[in-house]
Amino acid sequence: MFQDTIAAIATASGEGAVGIIRLSGEDAFRIIGTLFDHDLSAAKGYTIHYGTILEYGHPVDEVLVSVFRAPNSYTGEDVIEISCHGGVYVTRKILSLALGAGARMARRGEFTERAFLNGKMDLSQAEGVNDLISARDERNAVSAVHSLKGSVRTLLDPLLEEIVQIISNIEVNIDYPEYDDVRQLRDEEILPAAERWLDQIQEIITRAQQAVLIRSGIDTVILGRPNVGKSSLLNALLEEDKAIVTEIAGTTRDLVEGSVRLGNVTLNLIDTAGIHESHDRIEQIGIEKSLQALQKAQLAIVVLDSSAGMTAGDQELLELTKDKDRIIVYNKKDRKELPGTIAISAINRDISALVDAIEQHFSAEIRAADTDTLNNERQIGLAMQARHSMQEVVQALQEGRELDLVTIDLQEAYDSLKEIIGQSTREGLLDEIFSRFCLGK
């Protein structure tokens with residue numbers, strides 16, 4: 001499929017014990033033949049060979065060369081991997097020699113792109129490769145491994161098969177109308193099947209949205225009146241003194257951010273300026289930023305002062321956040337604890353009640369993240385497109401339209417699901433996806 005041979009450094013930049021230069025393409029063996037002091041033209045796949053990389057007969061480094069024969073390689077092509085000493089100079093030197101011998105510098109993600117285009121993996125598996133590289137914790141890593149093993153395709157195959165079955169029933173009726181009553185076929189077979197399909201795709205979308213929320217972290221804003229302990233809470237959650245804490249009201253005038261893992265939940269935290277009436281222009285700007293952060297946040301932690309009682313400012317804040325996903329927490333329990341509330345003492349870093357409440361609040365999302373789901377916004381968006389197309393099918397069937405007309409929307413639903421795994425791709429989609437990969441992958 002590809003006429004050129006690509007090369008790149010497949011290990012992280014900088015000094016290390018080992019560096020790997022990867023080549024893939026039909027000239028991989030010719031190129032290594034010009035650099036290596038052993039003839040590998042007859043070498044079997046899945047073998048490793050010790051020797052020296054040479055430049056004009058002079059040694060550059062002692063290396064191990066791994067041989068992978070097409071089609072039994074990562075990319076499906078002939079692949080050579082040179083494992084050298086991991087100095088910056090040495091790895092770049094060997095790469096430059098490979099490029100000088102006829103290889104082309106690989107684009108970001110091009111090795112995995114070739115693996116996809118050569119049928120070694122589907123698109124969701126390719127995305128799983130990148131997800132595994134960038135995984136920040138065990139949950140994300142496990143999810144990526146499942147994607148690599150084809151969990152997304154396993155999830156979608158039954159839905160694709162059901163669409164094919166519905167279209168087949170319609171086509172049989174069109175080709176042999178004397179064998180079926182059209183209304184009976186529509187009402188007793190096709191419409192119920194389409195409605196069941198909608199229920200299934202909705203469950204998949206809901207579970208995926210919940211899982212993505214947990215895997216990527218929940219954008220969380222900490223809100224409250226001045227001096228209720230918002231910055232102390234941020235510091236307690238992060239277990240560091242990131243935000244300035246004083247007894248002076250209005251200390252926080254800009255947004256202070258941090259990310260923390262609490263049990264099974266990651267919070268992307270934003271501490272905000274205290275929301276209240278102010279004539280200080282700088283403080284007004286901070287309050288405006290707080291309100292903007294609230295609009296974008298997926299969770300609001302509303303902090304109240306248990307020792308001060310409910311104030312008019314608290315009431316305004318509760319009204320402001322009534323339509324947001326929120327957790328109301330009462331701080332300063334060391335001064336006064338209110339039974340039946342989520343009570344903490346942020347200054348003493350006694351916040352276990354809040355941590356437990358957060359885990360409970362997102363228990364459904366945590367369970368979803370531990371299942372096989374769609375794994376990113378691209379996949380979820382395409383599933384939503386498929387859902388919309390099937391909604392059009394159901395509406396058409398309920399209105400009694402001709403059966404052959406609904407096959408257009410059925411085909412669109414099918415194509416949207418196929419696009420998730422890369423079997424029906426839109427122009428430019430592959431370049432966009434693989435450009436996010438690192439070099440050498």
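When S168 is tested against (1) modelled with pLDDT of 75 or more; (2) out of contact with any helix residue (DSSP H, G or I) (no Cβ under 9 Å at 6 or more places or on another chain); (3) assigned to a loop (DSSP other than H, G, I, E, B), only condition (3) is not met.
Could you grab me the full set of residues in the stretch 44-70 that are under 26 Å from K120 (Cβ atoms), in a loop (DSSP other than H, G, I, E, B) and not aliphatic (A, V, I, L, M)? Scanning the stretch 44-70 gives K44, G45, Y46, R69. Suppose we keep only residues that are assigned to a loop (DSSP other than H, G, I, E, B) and out of contact with any helix residue (DSSP H, G or I) (no Cβ under 8 Å at 6 or more places or on another chain) within the stretch 71-101. Which one would you say is farthest from L148 (Cα to Cα)? The selected residue is G87.
Scanning the stretch 369-379 for residues that are buried (at least 19 other Cβ atoms within 10 Å of the Cβ) and assigned to a helix (DSSP H, G or I) yields a count of 2. Residues that are crowded, with 19+ Cβ neighbours inside 10 Å and not small (G, A, S) within the stretch 343-365 comprise I344, I351, L354, I358, F362, E365, listed in sequence order. Of all residues in the stretch 64-87, none satisfies being surrounded by fewer than 14 Cβ atoms within 10 Å (Cβ to Cβ) and touching a Ser or Thr at 6+ places or on another chain (Cβ under 9 Å).
Please work out which residue is farthest from A413 (Cα to Cα), limiting yourself to the stretch 208-225 and to residues that are surrounded by 19 or more Cβ atoms within 10 Å (Cβ to Cβ) and more than 14 Å from the chain's Cα centre (by Cα). By that ranking, first place goes to R225. For K336, state whether it is in contact with a strand residue (DSSP E or B) (Cβ under 6 Å, 6 or more places away or on another chain), farther than 30 Å from L123 by Cβ and not in a helix (DSSP H, G or I). So K336 does not fit the description; no.
Comparison of I282, I222, I248, I244 shows that the only residue that is modelled with pLDDT of 80 or more and in the same structural domain as A346 (by TED's automatic domain parsing) is I222. Residues in the stretch 14-34 that are closer than 16 Å to G109 by Cα and in a loop (DSSP other than H, G, I, E, B): G25 alone.
Out of all the residues in the stretch 339-352, which are in contact with a strand residue (DSSP E or B) (Cβ under 6 Å, 6 or more places away or on another chain) and in contact (Cβ under 8 Å) with a residue 24 or more places away in the chain? Once the filter is applied, which keeps residues that are in contact with a strand residue (DSSP E or B) (Cβ under 6 Å, 6 or more places away or on another chain) and in contact (Cβ under 8 Å) with a residue 24 or more places away in the chain, the stretch 339-352 yields T341, A343, I344, A346.
The values are calculated or read from the model by the stated rules, or taken from the named source; none is laboratory data. Keep in mind the model is a prediction, meaning the values are calculated, not measured. Using ideal geometry, Cβ is built from the backbone for each residue, glycine included, and neighbour counts are taken over all protein chains shown.
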